[in-house]
Every structure is written in C-alpha cells, then in structure tokens.
Amino acid sequence: MQMSKTIRGRYAPSPSGRLHLGNVASSLLAWLDVRHLGGELIFRLEDLDPERSYESFAELMADDLSWLGLGWDAGWPDDAGYSQGVRSAYYEEAFEFLRREGLLYRCWCSRAERLAASAPHPGEAAPGSCRCRFLTGDELRRRESGPRPAACKAVAPDRDITIIDAHLGEYTQNPAREGGDFIVRRSDGVFAYQLAVSVDDALMGVTRVVRAADLLSSAPRQRWLIETLGHTAPDYAHAPLLTAPDGRKLSKRDGDLNMAELRRRYSPEELTGRLAYLLGLIDRIEPVSAAELVPGFDWARVPAGPIDISGVF
Ligand code: GLU
C-alpha cells in the first residue's frame, strides 16, 4: 500500500522588523491552508543576512503568531536547527553540487548583490545576467587576482517552467529571459535567498508553500533548483497583497499597521475577523478565532488581486 505523503507547510519570516498586517494575512492563510488539509506547519527563521536580522524581532514574530492562535508543530525557537543562520553546511553542499554540475559562475558585478540574501520584493533591485559568465583569458585573470571578491551566480534555465498555484492557477516563466542568472552566494560568503529557501524547503520536507504574491515570480527558479538538487518541489499558493488606501503595498516600514499597533487596537478575534472579512472568508466584520475558520476555508473565496484595506483597518 502506498503511504500518503505528510502535508507540511511553513512560516518563513525574516526577522528584519515587526510583522505587519500584510505578513499577518499571509500567515493566517498559510495556517488555514495547512490546518484545513490536516497537515503540519513548521516555523523556519529566515535570518540569513546577519546585517538585517534581529533576534528580538524573531521572538516578537513568534509571540505575535501565538497571540493570534496561529501555532505551529515544529521549528524555531524550540529547535534552533530551523534557523537559516546555522544551516550554512546544507547550503554549502547544494552549492558544491551545482558547481560540479557546471551551473555556477563567478561574478564581480556589484549590481543587486547587496540584497541577494533577502527575498526579492518589488521595488528592490532584481538580479540580471552579466558578462562575467563569458570572461576569458587576461580579463578573467585580472578579475581573479583583483581586490574585489566574487559573488556566485546560477545559470538560469532557458526554458519555460510552470507551477500550478493552488490559488492563482498556472504560472509559467522562462527564468533566463525573465530575471536572468541569479546570485546564489554573495561576495561576502552569505548564501542568497533563492538557494537557501530552495534547500530548506527540500530538506525540511515542505509540500505547501503559502506566501505573499510578490514571491510568485521566484517560484519557477525555486522549483528548478529543488528539482536540480534531486528533490520534489512543493505545491505553491500565493496570497494576495494588502495595499494601503494610496495603493502602495504594505511593508515593514508601515509602522502604524504592525503588530505592536494592531495588538493595542484589537483582540485576537477582532483582528482575525477583520482580516478574514478582507480575505473574503466571512461575509461581515465580526470577531472570529482562526480555528473557527478552518472547516469552511476555501481558496476560491479569497480574491486573486491586491486588497485595499481602507474601511476595514
Ligand atoms: N523570508 C521571506 C520574507 O519574509 C519569505 C520567503 C518565502 O516565503 O519564500 O519575505
């Protein structure tokens, strides 16, 4: 008899600021998705970039999710092995494998490097292709012996890669043409987001990735990396972004809508009720617990496009 595979979702927050309303909406959907499917949830701390990660924010994130009743079954902080900061050996192994396969090259460009350890949210520099891949002879030797250390890029596959998003449907991208080669290790040695998240989702047995829609365009690259490393890619479901009344996406910079302020204004059930209403999960604003939303959870009720929070928050 064939055993059915455990459904495993994940929280993967970067502790660079307090959770804001948009993060909470994605977390609620990640939790509901996996609870509705009867699966389990892990908490992975994405503290890859030492310069942008703060333990105090990590603790507050865990506390905020617990306060909302959005608990998890394994991971940080009980198990420090779920923190990216201590997982370099796994990234190193994958990196060496890709290098042996001839899929990496050294790159001396500075463009986009600074942000490569973080998830690429819109407005931030996107990695592109560069001429370092084709350097030969004297020019290559000059770079190699120069003062500037090299970053490492993966050669993006030049073919269509399709993911079937459980919320948004089919999404196809040719990574070489849309985005180009991408950094897998920065010149300071820090592994980049795309590599770390792919290795972790693969090794942690993640089968459901629910996260905000601004990471949809990363999913084909991650699918390719995971499959190249010999694993099965997870299913993806990308959650709608929440937008402020002026149309901009909520971000960690919107201090007035972070959990510090939200916890002052609302009880967990009041906040969950307002979010559930915005996400189309209930028909009017009323207090509700996350657990009460599990039986009726249905992605078909959740809008596909960005959601304006005005009138509700
Ligand atoms: N750590 C990323 C962030 O907080 C999310 C990464 C992911 O879900 O793949 O934006």
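The GluC sites (Glu not before Pro) of region 207-291 include none that meets both criteria, a DSSP state outside H, G, I, E and B (loop) and at most 15 other C-beta atoms within 10 angstrom of the site's C-beta. For the chain, the Cβ-based charge dipole about the Cα centre amounts to some 1000 debye (Lys, Arg positive; Asp, Glu negative; other atoms uncharged). Note on the chain: with a GNM built from Cα contacts shorter than 10 Å, the maximum mean-square fluctuation among ARG131, ARG211, ARG35 falls on ARG131. Normalised by 2.2 N^0.38 Å, with N the number of residues, the alpha-carbon radius of gyration of region 167-313 equals 1.23. Approximating the spin labels as points 7 Å out from Cα along Cα→Cβ, the ARG264-to-LYS5 distance works out to 4.6 nm.
When the helices of the chain are scored as -39500 (n - 2.57) per DSSP H run of n ≥ 4 and the total is divided over every residue, the value at 222 nm lands at -9000 deg cm²/dmol.
The trypsin sites (Lys or Arg not before Pro) of region 217-313 meeting both criteria, a DSSP state outside H, G, I, E and B (loop) and at most 13 other C-beta atoms within 10 angstrom of the site's C-beta, are ARG248, ARG253, ARG284. Within the listed set THR162, THR136, THR232, the Gaussian network model of the chain (springs between alpha-carbon atoms below 10 Å) gives the highest mean-square fluctuation for THR136.
Treating each Cα of region 253-313 as one equal point scatterer and applying the Debye formula with no solvent, the log10 of I(q)/I(0) at q = 0.14, 0.16, 0.21, 0.24 Å⁻¹ comes out as -0.41, -0.54, -0.89, -1.08. Projecting label points 7 angstrom from Cα along Cα→Cβ for LEU140 and THR228 puts them 1.9 nm apart. When the P(r) is computed for region 1-104, the part past 22 Å accounts for 41% of the Cα-Cα pairs.
Shown here for region 11-58: chymotrypsin sites (Phe, Trp or Tyr not before Pro) in loop regions (DSSP other than H, G, I, E, B) with at most 16 other Cβ atoms within 10 Å, namely TYR54. Per residue, the convex hull spanned by the Cα atoms of the chain measures out at 144 cubic angstrom.
Most simply put, the chain has about 50% antiparallel DSSP beta bridges, counting only bridges with both residues inside it.
What is the list of residues in region 222-244 whose amide nitrogen lies under 20 Å from a point 7 angstrom out from the Cα of ASP308, following Cα to Cβ? It comes to 240-244, nothing else.
All of the numbers you see were taken from the coordinates with simple rules; none came from a lab. Source: prediction; values computed, not measured. Neighbour counts are summed over all protein chains in view; Cβ atoms, including those assigned to glycine, are modelled from backbone coordinates with ideal geometry.
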